[in-house]
1. Pick from Gly144, Gly113, Gly121, Gly131: which is touching a Leu at 6+ places or on another chain (Cβ under 8 Å) and at positive phi?
2. Could you list, in sequence order, the residues of region 146-172 that are exposed (fewer than 15 other Cβ atoms within 10 Å of the Cβ) and either among the charged types (D, E, K, R) or more than 26 Å from Gly42 (Cβ to Cβ) (or both)?
3. Mind listing just one residue for me: the one in region 197-221 that is within 17 Å of Thr234 (Cα to Cα) and hydroxyl-bearing (Ser, Thr, Tyr) and, of those, surrounded by the fewest Cβ atoms within 10 Å (Cβ to Cβ)?
4. Across region 279-319, which residue is surrounded by the most Cβ atoms within 10 Å (Cβ to Cβ) among those that are of a type in the set (Ser, Thr, Tyr) and not in a helix (DSSP H, G or I)?
Amino acid sequence: MSIAIVGAGAIGGQLGIKLAHAGEDVTFIARGANLEAIRDKGMRLIEEDGSEIQVNNVRATSSMAEAGVHDVVLLTVKAHQVGPIAADLRHLVGPETVVVTMQNGIPWWYFCGGHGGDYAGTHIEAADPGGLIAKHLDCSRVIGSVVYPAAILTEPGVVKVVEGNRYTLGELDGTASGRVERLAAQLTKAGFKAPVTSDIRGEIWLKLWGNLSFNPISALTHATLVDICQFPDTRALARSMMEEAQAIANKLGVTFRVDIDRRIAGAEKVGKHKTSMLQDVEAGRPIELEALVGSVIELGRLTGTPTPHIDSVYALMRLLSKSLETVNGSLCIVSV
């Protein structure tokens, strides 16, 4: 089975390396130094235990048109990067192609694909500015996913896993289809945990619970997950933001399968890990703010749910993002 991975960063790299190592036909859609490194010497994965996997049996290109149609497309770029490439995805997609969305936050397809109720068909501007993704990608092709691993791209072509190997999968209408079961089997064969859920939106909210709170708090304070959880003031702030998000999710028919304290404890166990948003601030990369935080505020307005704590943190992050963008800069704390 042919698999195209759009975005050869930490998550795309982990997936592609292990799938290729398991014998799958993998093509990376990459760019810049990362693309050149993959072409020159393949890609290397450093696992949690220090063991390594090196693969050379992969293709790499910057052109989706050159890559052509694949059976499966793993969309592993960040949420704000999907819109600009949405039109080009057509080159990878044939009549039977499955597209797996692996972005954090509220996805562009949240209110399609079987989600009923008063909000069916509603467009979420923060998740899909201008409706570009929905225009070019039919949600009937989509399988949802929740990405749990934490990993970093230590240098071009080299991925280090910090923690985790679970990718939860789910059809948008909650069915256990043949295509989602086949995908789960592929990932399992490659060494991942790939449970199939009948409630992919509930799983998305469970992950987002932490992302919408810990990510911006870490980006503003330059603290790791364990530091945020063990400092009383930031722990309380994260809890308040999570309570507001839970109220929104409940109005949308989502019931959380764990409570807030357990979710915070899970983040604390990850330890001295910098969130992806903090890593982006330190590297001067665009910040994944709208899908993680702005979309939740939008859903709060839609459902008539107050979000004062989320609003405040969002305002601070928007200004930080604007300041960094204005000077094309980065921000980090260094020892003196």
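No lab work stands behind these numbers, since they all come straight from the coordinates. All values reported here derive from a predicted model rather than from experimental measurement. When we count neighbours, we look across all protein chains shown, and the Cβ atoms used for this are built from the backbone with ideal geometry, even at glycine.
1. Details: Gly144 fails: at positive phi; Gly121 fails: touching a Leu at 6+ places or on another chain (Cβ under 8 Å); Gly131 fails: touching a Leu at 6+ places or on another chain (Cβ under 8 Å).
Exactly one of Gly144, Gly113, Gly121, Gly131 is touching a Leu at 6+ places or on another chain (Cβ under 8 Å) and at positive phi, namely Gly113.
2. Glu155, Glu163, Arg166 - these are the residues of region 146-172 that are exposed (fewer than 15 other Cβ atoms within 10 Å of the Cβ) and either among the charged types (D, E, K, R) or more than 26 Å from Gly42 (Cβ to Cβ) (or both).
3. Filtering region 197-221 for residues within 17 Å of Thr234 (Cα to Cα) gives 209-221.
Keeping just the survivors that are hydroxyl-bearing (Ser, Thr, Tyr) gives 213, 218, 221.
Details: Ser213: 32, Ser218: 24, Thr221: 16.
The selected residue is Thr221.
4. Looking only at region 279-319, we keep the residues that are of a type in the set (Ser, Thr, Tyr), and these are 295, 303, 305, 307, 312, 314.
Imposing the further condition that a residue be not in a helix (DSSP H, G or I) reduces the set to 305, 307.
Numbers: Thr305: 20, Thr307: 24.
Ranking the qualifying residues of region 279-319, first place goes to Thr307.
Condition check ((1) in a loop (DSSP other than H, G, I, E, B); (2) in contact with a helix residue (DSSP H, G or I) (Cβ under 8 Å, 6 or more places away or on another chain); (3) under 23 Å from Ala22 (Cβ atoms); (4) not aromatic (Phe, Trp, Tyr)) across all residues:
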{"residue": "Tyr167", "(1), (2), (3), (4)": "no, yes, yes, no"}
{"residue": "Lys207", "(1), (2), (3), (4)": "no, no, no, yes"}
{"residue": "Phe214", "(1), (2), (3), (4)": "no, yes, no, no"}
{"residue": "Glu244", "(1), (2), (3), (4)": "no, yes, no, yes"}
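The rows are residues; the columns are (1) assigned to a helix (DSSP H, G or I); (2) touching a residue at least 60 places away in the same chain (Cβ under 8 Å).
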residue: Gly174; (1), (2): no, yes
residue: Thr188; (1), (2): yes, no
residue: Asp227; (1), (2): yes, no
residue: Leu237; (1), (2): yes, yes
residue: Val254; (1), (2): no, no
